[in-house]
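The next block holds one structure in the form of structure tokens; read it before the comments.
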Amino acid sequence: MSEPLESAGQCAVPALVAEREQALLAPYAMRSVESAGREHAEAGHRYRGPYQRDRDRVIHSTAHRRLAAKMQVFTGELGDYHRTRLTHTLEVASVSRTLGRALRLNEDLVEVLALTHDLGHPPFGHAGEDVLDECLAGVGGFSHNRQALRIVQLLEHRYPDFPGLNLTAEVLAGQTWRIEHDAGASPLLEVQVVEAADSVAYNTHDADDALELGLLELGELAQVPLWREAVARVRRQYTAIEGKELIRAVLHELIDWQVRDLFDQTLARIARHQVGSTRDVRAAPLLVLPSEEVAGPKRELEKFLHARVYRHEQVVAIRQRAQSQLGEMFHGYCRRPNLLPPGFRARVADFGLERTVGDYLAGMTDRYAQQQHEQLFGGK
Ligand code: MG
């Protein structure tokens, strides 16, 4: 017996999955049976729903594995305590799923959106992104959000019949919204949850990493209102803890407090705007937002991290070195395209030399980029 097709405009959803979603999800959650389907027609799966399949495709992708060796804020040479792009992604997925499940949203869709959100990051984090954007200015520039779409639509090769991962329209639309924020309609709540979880995760873990690396002192953070309030909340339960014990308790409280706040605020907005379907979600203003009580102090923490961590001299020095390396490599490969691997050389005719070099560089891990720079372009 052959399975029904999943194609544009429809998804084949196993009864098991459709019934489960019908029983568990809120009326404003996205259901697999409402999916707009995939670009290329494929047979459905006996027991996995379309968003589960999307999640599995992203997990098995090359780009996902390479996130393990791409930096978030701090490079591998600073130690091995801090987050990589992969562990950041997993923390975002964890926070997103917690919030998504509590709001009775489609957790499979939430998860694949979280796993996809940073898939397009080049080596060396935002420093790498900025230099590629400059190098590619003549052909449309570079952004990690757009690159994630290129990866899942074009660059990954997993199937003989089509390029890319052939993800559902909802995952592509969610990632597209990250690029064009004001497209006239709000994104699905599953997309909004991931957007909110991203900053909860990075604000907290960047503070943690910076403390552990000694770039920040606890006393400095204690001046930041959001941190100070989290300390006060922890102190109500544990009056005497200090040092690392205190830091861990505060980090835990920061995440839990922000997620509780998002949960309460979102439910209140859903009620206020009488949201009862995905159509209502699209017509309503953004719903997954923190309260003003949290949002203001959260912005302060972000400003603090920008000034004190992201512009820390050690971080800036690494950033400058990474930028000059990637820039040299970009121009080097453009001058000598024969240095590109055969698969990429074959793409030049379709996508042009610059974009192809950009795709190649963006796919590299930090370590591989450094090695290639040393071998091919004159080292340090
Ligand atoms: Mg992120």
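The values are calculated or read from the model by the stated rules, or taken from the named source; none is laboratory data. What you are looking at is a predicted structure, and each value in this text was computed from that prediction instead of being measured. We place every Cβ from the backbone using ideal geometry, glycine too, and count neighbours over all the protein chains shown.
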Could you please find all residues in the stretch 99-121 being among the β-branched types (Val, Ile, Thr) and closer than 22 Å to Phe142 by Cβ?
Thr116
Could you check the stretch 183-195 and list, in sequence order, the residues that are within 13 Å of the ligand (Cβ to nearest atom) and surrounded by fewer than 23 Cβ atoms within 10 Å (Cβ to Cβ)?
Glu195
Yes or no: the stretch 110-120 includes at least one residue that is assigned to a helix (DSSP H, G or I) and either of a type outside the set (A, V, I, L, M) or under 15 Å from Leu361 (Cβ atoms) (or both).
yes
Being over 29 Å from Gly76 (Cβ atoms) and either part of a loop (DSSP other than H, G, I, E, B) or among the acidic types (Asp, Glu) (or both) is the filter here, so list the residues in the stretch 186-228 that pass it.
Ser186, Pro187, Leu188, Glu190, Ala222, Gln223
Look through the stretch 14-60, keep the residues that are part of a loop (DSSP other than H, G, I, E, B) and among the small types (Gly, Ala, Ser), and return whichever of them is nearest to Leu105 (Cα to Cα).
Ala29
Out of Ala322, Ala362, which single residue is surrounded by 15 or more Cβ atoms within 10 Å (Cβ to Cβ), touching a residue at least 60 places away in the same chain (Cβ under 8 Å) and within 19 Å of Ala148 (Cβ to Cβ)?
Ala362
Using the structure shown, decide if Glu107 is within 27 Å of Arg158 (Cα to Cα), within 16 Å of the ligand (Cβ to nearest atom), out of contact with any Asp or Glu (no Cβ under 6 Å at 6 or more places or on another chain) and not hydrophobic (A, V, I, L, M, F, W, C).
no
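Going through Arg178, Arg150, Arg146 one at a time, which residue ends up being modelled with pLDDT under 95 and charged (D, E, K, R)?
Arg178
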May I ask you to list the residues in the stretch 45-85 that are over 17 Å from Leu115 (Cβ atoms) and within 14 Å of the ligand (Cβ to nearest atom)?
Met71, Val73
The listed residue being polar (S, T, N, Q), assigned to a helix (DSSP H, G or I) and in contact with a strand residue (DSSP E or B) (Cβ under 8 Å, 6 or more places away or on another chain), out of Gln175, Gln153, Gln147:
Gln153
If you scan the stretch 112-122, which residues turn out to be more than 14 Å from the ligand (Cβ to nearest atom) and either under 23 Å from Arg269 (Cβ atoms) or at pLDDT below 95 (or both)?
none
Log entry, pairs with first residue in the stretch 89-109 being farther than 19 Å from Trp257 by Cα and modelled with pLDDT of 95 or more, second being within 11 Å of the ligand (Cβ to nearest atom) and acidic (Asp, Glu), beta carbons closer than 6 Å, six or more apart or on different chains, reads Thr89/Asp118
So, first residue in contact (Cβ under 8 Å) with a residue 60 or more places away in the chain in the stretch 55-81, second residue of a type outside the set (Ser, Thr, Tyr) and not in a helix (DSSP H, G or I), Cβ within less than 6 Å, six or more apart or across chains; the pairs are Arg57/Leu165; Ser61/Glu156; Ala63/Leu119; Lys70/His121; Lys70/Pro123; Gln72/Arg83; Phe74/His82; Leu78/Leu213
Every residue from the stretch 50-84 that is buried (at least 23 other Cβ atoms within 10 Å of the Cβ), modelled with pLDDT of 95 or more and in contact with an Asp or Glu (Cβ under 6 Å, 6 or more places away or on another chain):
Tyr51, Arg55
Return the residues of the stretch 2-33 that are of a type in the set (D, E, K, R), surrounded by fewer than 16 Cβ atoms within 10 Å (Cβ to Cβ) and closer than 30 Å to Phe263 by Cβ; say none if nothing qualifies.
Glu19, Arg20
Among His126, His88, which is surrounded by 21 or more Cβ atoms within 10 Å (Cβ to Cβ), within 16 Å of the ligand (Cβ to nearest atom) and at negative phi?
His88
Would you mind telling me which numbered condition in (1) modelled with pLDDT under 95; (2) more than 22 Å from the chain's Cα centre (by Cα) Pro27 fails?
(1)
